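A.B. asks: Supplied in structure tokens, the structure appears directly below.
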Amino acid sequence: MWRLPWGVFALLAAGLLPLAGSRFYLYLGTDIAIMALFAVSLNLLLGYTGLVSFGQAAYFGIGAYTCALLMVRAGIPFIPSLLAGGLLAAAAAFLFGSFCIRLTQIYFAMLTLAFAQIVWAAAFKWNSLTGGDTGLTGVPFPGFLDSPARFYYFTLAVVGISLALLHRVVGSPFGRMLVTIRENPERAEFIGVHVRRYELAAFVIAGFFSGIAGGLFGVFNHSVFPDFSYWTKSAEVLIMTILGGMYTFLGPAVGAGILLSLNMLVTSYTEYWPLVLGLILAALLFLFPDGVMGFLQTRFRRHRHPEARRA
Amino acid sequence: MSLPDPSFLVIQFLSGLTAAMFLFLIASGLSLIFGVLRVLNFAHGSLYMLGAYLTYGVVAWLANTPERFWVAALGGSIGVALIGGIIERTLLRRLYGREALYQLLFTYALVLIISDAVKLLWGTGQLSVSRPPILGGSVPVFDQVFPRYNIFVIVLGPAIALLFWFVLHRTRAGRIIRAAALDREMLGVLGVNVDRLYTAVFIIGAWLAGLGGALVTPVVTIVPGMDVEVIVNAFIVVVIGGLGSFWGALLGALALGQVMSFGILILPRFSLVFVYVLMAVVLVMRPWGLLGKPLRG
Amino acid sequence: MLEVRGVRKLFDGFLAVDGVNVTVSRGEICAIIGPNGAGKTTLFNCITGHLVPDGGEVRFKGRNIAGRPAHEICRQGIARSFQRVNIFPRLTVFENIQAALLSHRGRGRDLFTPVEGLYREQTLTLLQQVGLAVAAEVVSGTLSYGYQKQLELGIALASQPDLLLLDEPTAGMSAQETRQTITLIERIARGQGLTLLFTEHDMDVVFSIAQRITVMHQGRIIAEGSPVEVRADAEVRRVYLGKAR
């Protein structure tokens, strides 16, 4: 049953959203699609390679600023700008990543955090380039996507293609090598896997797609702020990934959908969203460590094959 | 650019020291908790903030009682210590067997919860506490003035450091704590009640953070958002000084305090980036910081 | 095939391995024995690249591999099993072996082919060789200890090594499991003409299949030769029997 292309179904269903006619849901849908890509790209590192990156927001921010700056200051069309955002983010990932992968565990996490803070601080202070903490505003939808519905479809297309590519990658021998690194880096080394090189490659790929997500978001939001790279953004996407389930491919996307929808819902009733989020996160960690998708998978497996119980 | 007035430099230096002492209180607790429990407590800044708010609360409650500040500071820090103990005992403990990521995220959940709890209880406005009368006023420093209260803080920092040094190196409890930082499993084998040790260490760490928050109330405005600001600085301090090293926390705090104090003068545009670059450089070149030890396993 | 000359390894001033010489010829089955702490595993780690020796040479097929990274040494033709079971717990038995094959055949750079059916035949053949064919779809982390050790062997064999290093292959096994494992190892080694170097605590195992034995004690070699010679060696008796008292 898990072989069915859920992703394709979801994509098709998502395509019907604009027909509902509500701007509000269109906005939410675009937001979810973009964050879904961001979360799945993080999961390449977290769920598949076992690297806890606390600074993925760095690449999100770099992608956003690059794309927006190229469009607004240099007049370059959207698609090349978006690609440039992804590429620059990938380059940054290569640079930062080469330092990060030399460290283990907590030090790795702290260095990824440090690099993201450097990006934030640079964006914050480099007024001439980035507009400082007032941000880069007035980023318009590109000419050929001048309505929210059109931008939504474009986003779906880009996210869809990106997710398809990522899906291919995780299902490939390369992806399998990453999983061996997650499972047992020592063993992986001794079946001939050059662990550092694979980790760096994963870092760069994740950085690229996080950059694409950032580029999309900057235009969607019509503005780019230094906070796109602040550590709390990294925490946000990390939570989405864990919420949805880091051991499945689409888990993080589901997590993004749930989290953003809940956010919309809760903030319409109360301003204490962080409190709600904190409680949900705590409940998740104690009760559903495998996330929503992980929980569903175990449930379903047990129902279908009652003899295949995990010890 | 003309040479700055020497008394001005001294004031900046003293300001840096003051900031360093607050950083030290927070960072030492963070480092201690990491050293023994191997948990990087994101919520440590939140505990600091709680200390500040609780102190404010007690001060307000004690209205016109003389020396209410000291009672409040003591009460606030102990209150935070208790809250920390309860959290560790009932919640954090259940996550010890899991991967480090779950513990980290739990402390982040605490950050979220505490930051809103504080808003719920005290609102979002800026609050402040006045300095205790004994330590009011300023002292002359060359031809400038420097608040007496800040001098108190500058002296208190090393005093607490010495106190902890004494406890860690000259008492049995301290020896157990230091041993725990080196080899936890051995300790269990030797009959030490590791559970209670962890709770005790967490309480001590929380108390330090709470104390920092309590003592900072006359110096800064109490606002939600104090927690996020301070935790990243605390991280920088423990990275520089060494995760798990108590003296490293002091050293790192002194370093960061001065960098922040003078950085703003010398290169205002770059000082913010610089502290993070410093953090990154230390992690790349000497991950265990100036005084830490390389982690085993 | 393998020549270890004068290898030394220091840990914080403690000399774990002190000037060890070991030679293993092609096709031989050799054992390294010695009491706990003798330095056997450290020596293994120096050979396989998990540790960098502080002195000496490790020559494999004529080339010095001391200090090279582990993944490179693996590609030269050395495979290894570990003392603690070292597998990929959340992958199935099939996927464990398949991963080793994928890496060995250099498919790791492939980012686009779905991994599902790759090397299916070769994987199943290997599984049959180590007696795990029936458990192919089982999640390896849930296997019993003995089966996990067999899987370890399978993973080591997947890279078609010239030299197989086994670190205490029967540790923690019952008598029956031990016999099964040893029969298996011997059959495979002889069948594929593998060169085998292993460490063991179980003397029955060692004396039953080893052609040459090296005895280590406190980081140094105290005896070397055929099983008969080693059994009769006075120093060996002192070290072992003296300790048993």
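A.B. asks: What do the square roots of 5 times the Cα gyration tensor eigenvalues come to for the range A:236-278, in whole Å, largest first, as semi-axes of the equivalent ellipsoid?
C.D. replies: Values: eigenvalues 93, 19, 6 Å².
Each semi-axis is the square root of five times an eigenvalue, giving 22, 10, 5 Å.
A.B. asks: Work out the mean other chain Cβ neighbour count within 10 Å for the residues of C:87-94 and drop it here as an integer. Don't jump to the answer; show the numbers that get you there.
C.D. replies: Values: counts 4, 10, 2, 5, 6, 0, 0, 0.
Whole-number average of other-chain Cβ neighbours for C:87-94 is 3.
A.B. asks: Compute the normalised compactness of the range B:1-95: alpha-carbon radius of gyration over 2.2 N^0.38 Å, N being the residue count. Before the final figure, lay out the partial values.
C.D. replies: Working: Rg = 18.1 Å, N = 95, 2.2 N^0.38 = 12.4 Å.
Working it through for the range B:1-95, the quotient is 1.45.
A.B. asks: So what is the relative contact order of chain A, in percent, for Cα pairs below 8 Å that sit 6 or more residues apart? If you can, show how the numbers build up before the last one.
C.D. replies: On the way: 477 pairs, mean separation 96.9, N = 311.
Taking the mean separation of contacting Cα pairs over the length of chain A, I get 31 percent.
A.B. asks: Counting each pair of different Cα atoms once, what's the Kirkwood radius of the range C:1-143 in Å, rounded to one decimal?
C.D. replies: 17.3 Å
A.B. asks: For a quick protection proxy, order the peptides B:170-181, B:193-204 by their average other-Cβ count within 10 Å, most packed first. Don't jump to the answer; show the numbers that get you there.
C.D. replies: Details: B:170-181: 15.1, B:193-204: 18.6.
The peptides rank, most packed first, as B:193-204, B:170-181.
A.B. asks: To continue, here is another question. For chain C, set up a GNM with springs between Cα atoms under 10 Å and report which of C:ARG26, C:ARG120, C:ARG109 has the largest fluctuation.
C.D. replies: Top of the fluctuation ranking is C:ARG109.
A.B. asks: What size of dipole, in debye to the nearest 20, comes out for chain B about its Cα centre when the only charges are +1 on Lys and Arg C-beta atoms and -1 on Asp and Glu C-beta atoms? Could you put the intermediate results ahead of the total?
C.D. replies: Values: 19 positive and 11 negative charges, 158 e Å.
Around 760 debye, computed over chain B.
A.B. asks: Let me ask something else about it. Which percentage, to the nearest 5, of the DSSP beta bridges contained in the protein assembly as shown is antiparallel? Don't jump to the answer; show the numbers that get you there.
C.D. replies: Details: 28 of 45 bridges.
Here the antiparallel bridges make up roughly 60 percent for the protein assembly as shown.
A.B. asks: Per DSSP helix of 4 or more residues, -39500 (n - 2.57); summed, then divided by the residues of chain C. What does that give at 222 nm, rounded to the nearest 500?
C.D. replies: Numbers: 9 runs with 94 residues, N = 245.
Roughly -11500 deg cm²/dmol at 222 nm, from the helical runs in chain C.
A.B. asks: In nm², what is the average projected area of the convex hull enclosing the Cα atoms of the range A:1-109? Mind showing how you got there, number by number?
C.D. replies: On the way: hull surface 38.5 nm².
That works out to 9.6 nm², a quarter of the Cα hull's surface.
A.B. asks: Of the beta bridges DSSP finds with both residues in chain C, what % are antiparallel, to the nearest 5? List each step's numbers first, then the result.
C.D. replies: Details: 21 of 38 bridges.
The antiparallel proportion sits near 55 percent.
A.B. asks: Do me a favour and compute the ellipsoid semi-axes for the range C:86-160 from its Cα gyration tensor, root of five times each eigenvalue, largest one first, whole Å. It would help to have the intermediate numbers written out before the result.
C.D. replies: Values: eigenvalues 78, 30, 24 Å².
Computed over the range C:86-160, the values are 20, 12, 11 Å.
A.B. asks: For the range B:70-190, count all C-alpha to C-alpha pairs, find those more than 23 Å apart, and express that count as a whole percent of the total.
C.D. replies: On the way: 4303 of 7260 pairs.
The proportion of pairs with Cα distances above 23 Å equals 59 percent.
A.B. asks: Taking each residue in B:112-118, count the Cβ atoms of any other chain within 10 Å of its Cβ, then average. What number comes out?
C.D. replies: On the way: counts 14, 9, 3, 4, 10, 4, 0.
Average per residue, whole number: 6.
A.B. asks: Moving on to the next point. Given an 8 Å cut-off on Cα distances and at least 6 residues of separation, report the relative contact order of chain B as a percent.
C.D. replies: RCO, chain B: 37 percent.
A.B. asks: Follow-up question, since we're still on this one. Per q in 0.08, 0.09, 0.13 1/Å, what log10 I(q)/I(0) does a Debye calculation on the alpha-carbon atoms of chain B return?
C.D. replies: The Debye formula, applied to the Cα set alone, gives -0.35, -0.44, -0.92.
A.B. asks: May I pose another question? For chain A, compute the orientation-averaged projected area of the C-alpha convex hull (one quarter of its surface), in nm². Walk me through the intermediate numbers first.
C.D. replies: Details: hull surface 68.4 nm².
Mean projected area of the Cα convex hull: 17.1 nm².
A.B. asks: Okay, moving on. Figure the gain on full extension for A:PHE24 and A:THR232 (residue separation times 0.36 nm, minus the Cα-Cα span) and round it to one decimal in nm.
C.D. replies: Working: separation 208, 0.36 × 208 = 74.88 nm, distance 2.51 nm.
Between A:PHE24 and A:THR232, full extension yields an extra 72.4 nm.
A.B. asks: When the convex hull of the Cα atoms of the protein assembly as shown is projected onto a plane and the area is averaged over all directions, what value comes out in nm²? The partial results should precede the final answer.
C.D. replies: Details: hull surface 166.5 nm².
That works out to 41.6 nm², a quarter of the Cα hull's surface.
A.B. asks: To the nearest Å, what is the center-to-center distance of the range C:220-240 and the range A:240-280, using C-alpha atoms only?
C.D. replies: Going from one Cα centre to the other spans 66 Å.
A.B. asks: Counting only Cα atoms, I'd like the Rg/Rh figure for the range B:171-261, Kirkwood definition for Rh. Can you show the working numbers first?
C.D. replies: Numbers: Rg = 16.0 Å, Rh = 15.1 Å.
Dividing the radius of gyration by the Kirkwood radius yields 1.05.
A.B. asks: Could you give log10 I(q)/I(0) at q = 0.17, 0.18, 0.21 Å⁻¹ for the range C:122-238, computed by the Debye formula over C-alpha point scatterers of equal weight, without solvent?
C.D. replies: Scattering profile of the range C:122-238, log10 relative to I(0): -0.89, -0.97, -1.22.
A.B. asks: Hey, which of these cross-link pairs are over 23 Å Cα-Cα: C:LYS61/C:LYS149; C:LYS9/C:LYS149; C:LYS40/C:LYS149; B:LYS293/C:LYS40; C:LYS40/C:LYS61? Don't skip to the answer; put the middle values down first.
C.D. replies: Details: C:LYS61/C:LYS149 28 Å; C:LYS9/C:LYS149 28 Å; C:LYS40/C:LYS149 19 Å; B:LYS293/C:LYS40 28 Å; C:LYS40/C:LYS61 21 Å.
Listed pairs above 23 Å: C:LYS61/C:LYS149; C:LYS9/C:LYS149; B:LYS293/C:LYS40.
A.B. asks: Expressed as a whole number of Å, what is the distance separating the alpha-carbon centroids of the range B:108-131 and the range B:155-176?
C.D. replies: Using only Cα atoms, the two centres lie 31 Å from each other.
A.B. asks: Any chance you could check the Cα centroid distance between the range A:1-41 and the range A:43-100 for me, in angstrom?
C.D. replies: Centre-to-centre distance over Cα atoms comes out at 22 Å.
A.B. asks: If you don't mind, another one. Using the Kirkwood radius built from alpha carbon pairs, what does the Stokes-Einstein equation give as D for the range C:172-211 at 37 °C and 0.692 mPa s, in µm² per second?
C.D. replies: Taking Rh from Cα pairs, D becomes 309 µm²/s.
A.B. asks: Please work out, to two decimal places, the log10 of the ratio I(q)/I(0) at q = 0.07, 0.08 Å⁻¹ from a Debye calculation in which every Cα of chain C carries one identical scatterer.
C.D. replies: -0.24, -0.31
A.B. asks: Same structure again: I need the semi-axes of the equivalent ellipsoid of the range B:1-51: take the C-alpha gyration tensor, multiply each eigenvalue by 5, square-root it, list largest first in whole angstrom.
C.D. replies: Each semi-axis is the square root of five times an eigenvalue, giving 34, 11, 8 Å.
A.B. asks: I've got another one for you. May I ask you to order A:59-70, A:246-257, C:4-15, C:194-205 by the average number of other C-beta atoms within 10 Å around their residues, highest value first? Could you put the intermediate results ahead of the total?
C.D. replies: Working: A:59-70: 29.8, A:246-257: 24.5, C:4-15: 14.4, C:194-205: 20.6.
Ranking, from highest mean packing down: A:59-70, A:246-257, C:194-205, C:4-15.
The numbers here are math on the coordinates, done by the rules we state, and not lab data. Bear in mind the structure is a predicted one, so any value in this text is a computation, not a measurement. As a convention, Cβ positions derive from the backbone with ideal geometry for all residues, glycine included, and neighbour counts pool all protein chains shown.
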